[in-house]
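First the structure, in the form of structure tokens, and then the observations on it.
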Amino acid sequence: MSSKKSVKPTAKEPIHLPSKEFSAKARIPSMAAYKKLYKESIEKPDKFWAREAKELDWRKKWDKVLDWKAPFVKWFAGGKLNVCENCVDRHAKGARANKAAIIWEGEPGDKRVITYAQLHRDVCRFANVLEQRGVKAGDRVLIYLPMIPEAVVSMLACARIGAVHTVVFGGFASEAIVDRLEDSGASMIITADGGWRRGKIVALKPAVDEALKKYKGVKSVIVVNRCNNPVAMQAKRDTWWHEETAQVSAKHTAKAFDSEHPLFVLYTSGSTGKPKGILHSSGGYLTGTYSTTKYVFDMRDEDVYWCTADVGWITGHSYIVYGPLANGATQVMYEGAPNFPDFGRFWKIIEEYGVTIFYTAPTAIRAFIKAGDQFPAAHDLSSLRLLGSVGEPINPEAWNWYHQKIGGGRCPIVDTWWQTETGAIMITPLPGATPCKPGTATMPFFGIDAAILDDSGKECKADQDGRLVIRKPWPSMIRTIYGDKDRYKKTYWSDYPGLYTAGDGARRDKQGNFWIIGRLDDVLNVSGHRLGTAEIESALVAHPAVAEAAVIGRPDDMKGQAVAAFVTLKGKYQESPELREELRSHVGKVIGAIAKPDDLHFAPGLPKTRSGKIMRRLLKELVTTGKVSGNITTLEDFTVIEAIQKKISR
Ligand code: WTA
């Protein structure tokens, strides 16, 4: 085991082989087994995916596994199923009825254990509430909740009645809710009085009230009482979760829906100011999340699995809700901050519940390294057998620390590359088979035909940087951008006709491992969260003092990337530390705290091309290297760079 510290992953990192004991029990016990199944999955995708899908409950079998008219796809066309029934009813009926589905812990330390039978009753009740409130199949329901079991219940109840959920991360502010309401046309909101975060109540309902001053299409708001935090309730429109669920039956007959029936819309940042609504559908998405959970986490009935993501992100959708529950897994769900009351909280939870599989993000690992080894050392982590990482490249230092200090040197680490759009894990080690090197997500999952192309569309040679593409459709892929087929085609399918472009740069080493370099577009990855530079820029220019703004990502040891903003003020405004703070919190108010610029520089002007395009590349170079070395002949005004350079170096 190396203790070598390096920030950038290199192919020179040592190889970690899965232990014999792990492999012996794993579903995929060797590279030979992986290669054999991978070959089949690429050559005969119908056969491979039909076998996976058959492990789910279908009310009507599909007529055709794959119907591909690029870039539009149907998986299991003609088949009918109910996604919620697959995640809940089939376990609640059988031997897993009294098995814990969710072991939940609130930040203050309150606990709830929800068995599959109980989850079934909760979901049925809430499905009845939704129907009573007039929600029908195809209607959009916006969910804005903290990490409490009601978030999972709401999502599953929507799926049960065929309503399309759109979950908004609790850290987003009211403007973000307005954008998502307007784009999705949601008619109902499920929210809470607040949630606990770092010992304080973070209120949620006021942001909903604020949003509903602008958007008039919501007929009903259901509010969970999580914290006894006083809220304003608008008569007729707003009702309490506990009152609504008390007056309905715990039985509900689920209808079957078409395999391509929309399941959810999840908004993610793109390179324009407007977030994109990524639409996922039912049969394919469920098959993809079911199958990846089964193989990548090698999920067993005995496991206690814990994914620390928030349900507001795709990781929460696929690997807290649909994947694990479709597998009948037992999982831990935690409401609060990793450092409350101190940085030992996660390790205490792992010890207390005997967590066996732990899935988290590199940014969290880096925060734990900084906090100190004494926190994990104070807990017995010997129940762990498998670790996972998601959201950004994991630097070797973080990988090695995670492996040693958390995994005790014995747990494989699955570094999983995927996206909101891909729905499920795409490139990943299989824990009993794949030799791992810190920093690489290694090999494509079954059925995933990943490649790296140069600008001309030719496949890159080993170790040559290029663009990551997927050459064949896969079941859990994005179906479209909600309400905008043209943007869907343009964003993902226009770089190379017929191929999906992920927007990530990558290279492949001689062994065939994929190394993800990072985004190629104007999307930042801040602490594993995707943020659009254009979104933050448009929030800044909405402030009366701002004439123009440019936002870039600068490398940051903890967050991966930090947000750096350059702002030019309107004539009558003066630069001041107060105004800088005001602009930062303005972004926090408009988008949410995660988008607050870490640095905000006032600039007399922004570097532009003669046609008026802001040259963000130059700003990026300035903040990372302090100077500009590349080609600046297209720059309209050279003095701008000098002026900014002086400001930054001051
Ligand atoms: C990045 C999160 C390197 C990547 C599931 C991708 C990663 C974006 C990894 C998607 C990884 C995710 N290694 N980079 N293991 N996982 N990314 O939509 O840039 O929030 O395009 O989905 O995160 O972010 P999203």
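Points worth noting:
- Only protein atoms count toward the accessible area here, which uses a 1.4 Å probe; on region 381-466, the carbon and sulfur part of that area reaches 48 percent.
- Annotation: per residue accessible area for the chain equals 39 Å², rounded to a whole number [probe 1.4 Å, protein chains only].
- Residues whose placed amide H lies under 5 Å from that of residue 238, excluding near-sequence neighbours: 221
- Take the Cβ atoms of residue 458 and residue 43, set R0 to 22 Å, and the FRET efficiency comes out at 0.45.
- Across region 477-585, the relative contact order, built from alpha-carbon pairs under 8 Å that are at least six residues apart, equals 15 percent.
- Only helices enter the 222 nm calculation for the chain: every DSSP H run of n ≥ 4 contributes -39,500 (n - 2.57), and dividing by all residues gives -8500 deg cm²/dmol, rounded to 500.
- Label-point gap, in nm, between residue 60 and residue 236 - each point 7 angstrom along Cα→Cβ: 4.0
- Backbone amide hydrogens, once placed in the peptide plane, bring residue 442 within less than 5 Å of 514, excluding anything fewer than 5 places away on its chain.
- From the alpha carbon centroid of region 342-410 to that of region 108-186 is 30 Å.
- Near the amide H of residue 632, within less than 5 Å, lie no amide hydrogens of residues on another chain or at least 5 residues away, with H placed in the peptide plane.
- Set of lysines near residue 620 by C-alpha distance (under 16 Å), chain-local residues within fewer than 8 positions excluded: 608, 646, 647
- The chain shape via C-alpha gyration tensor axes, a/c threshold 1.5: rounded
- Cα gyration tensor category, rounded, prolate or oblate, for region 248-307 with a/c compared to 1.5: oblate
- Backbone geometry of region 574-583 corresponds, through the Karplus equation with coefficients 6.51, -1.76 and 1.60 at θ = phi - 60°, to 3J(HN,Hα) couplings of 9, 5, 7, x, 5, 5, 4, 4, 4, 5 Hz, x marking Gly and Pro.
- Simple spin-label estimate for residue 465 and residue 373 gives 3.4 nm between the two label positions (7 Å along the Cα-to-Cβ direction from each Cα).
- Annotation: the antiparallel percentage among DSSP beta bridges lying fully within region 84-255 is about 35.
- Across 214/596; 36/458; 69/472; 276/490, pairs whose alpha-carbon gap is larger than 18 Å: 214/596; 36/458
- Percent accessible area from carbon and sulfur atoms, region 84-255, protein chains only, probe 1.4 Å: 50
- Gyration tensor (alpha-carbon) shape descriptor, region 523-649, a/c threshold 1.5: oblate
- Considering only region 523-649, percent of DSSP beta bridges that pair antiparallel, nearest 5: 80
- At full extension, residue 15 and residue 302 could sit 100.4 nm farther apart than now, given 0.36 nm per residue minus the alpha carbon distance.
- Region 623-638 and region 75-105 have Cα centres lying 56 Å from one another.
- Relative contact order (percent, whole number), region 523-649, Cα cutoff 8 Å, 6+ residue spacing: 21
- Here the 3J(HN,Hα) profile of region 162-178, calculated from phi with Karplus coefficients 6.51, -1.76 and 1.60 at θ = phi - 60°, is x, 7, 9, 8, 10, 8, 10, 3, x, x, 7, 9, 4, 4, 5, 5, 4 Hz, Gly and Pro shown as x.
- Per-residue 3J(HN,Hα) values for region 37-53, derived from phi via the Karplus relation 6.51 cos²θ - 1.76 cosθ + 1.60 with θ = phi - 60°, read 5, 4, 4, 4, 5, 8, 6, 10, x, 4, 5, 4, 6, 5, 5, 5, 5 Hz in sequence order (x marks Gly and Pro).
- Inter-part distance, region 501-562 to region 568-619, computed on C-alpha centroids, equals 16 Å.
- Dividing the mean sequence gap of close Cα pairs (under 8 Å, 6+ apart) by how many residues the chain holds gives a relative contact order of 14 percent.
- In this structure, the pairs whose alpha-carbon distance is over 30 Å, taken from 136/216; 80/485; 485/613; 35/255, are 35/255.
- Surface composition of region 512-650: carbon and sulfur atoms hold 52% of the protein heavy-atom accessible area at a 1.4 Å probe.
- In summary, the aspartates and glutamates within cross-link reach of residue 405, defined as a Cα separation below 16 angstrom excluding same-chain residues under 8 places away, comprise 351, 373, 380, 397.
- Rounded to the nearest 5, the antiparallel percentage of DSSP beta bridges internal to the chain is 60%.
The values are calculated or read from the model by the stated rules, or taken from the named source; none is laboratory data. All of these numbers come straight from a predicted model, not from anything done at the bench. Positions of Cβ are generated from backbone atoms using ideal geometry, with glycine treated the same way; all protein chains shown enter the neighbour counts. Each accessible area value is taken on the protein alone, full model and side chains, heavy atoms only, with ligands, DNA and RNA left out. Shrake-Rupley method; radii C 1.70, N 1.55, O 1.52, S 1.80 Å.
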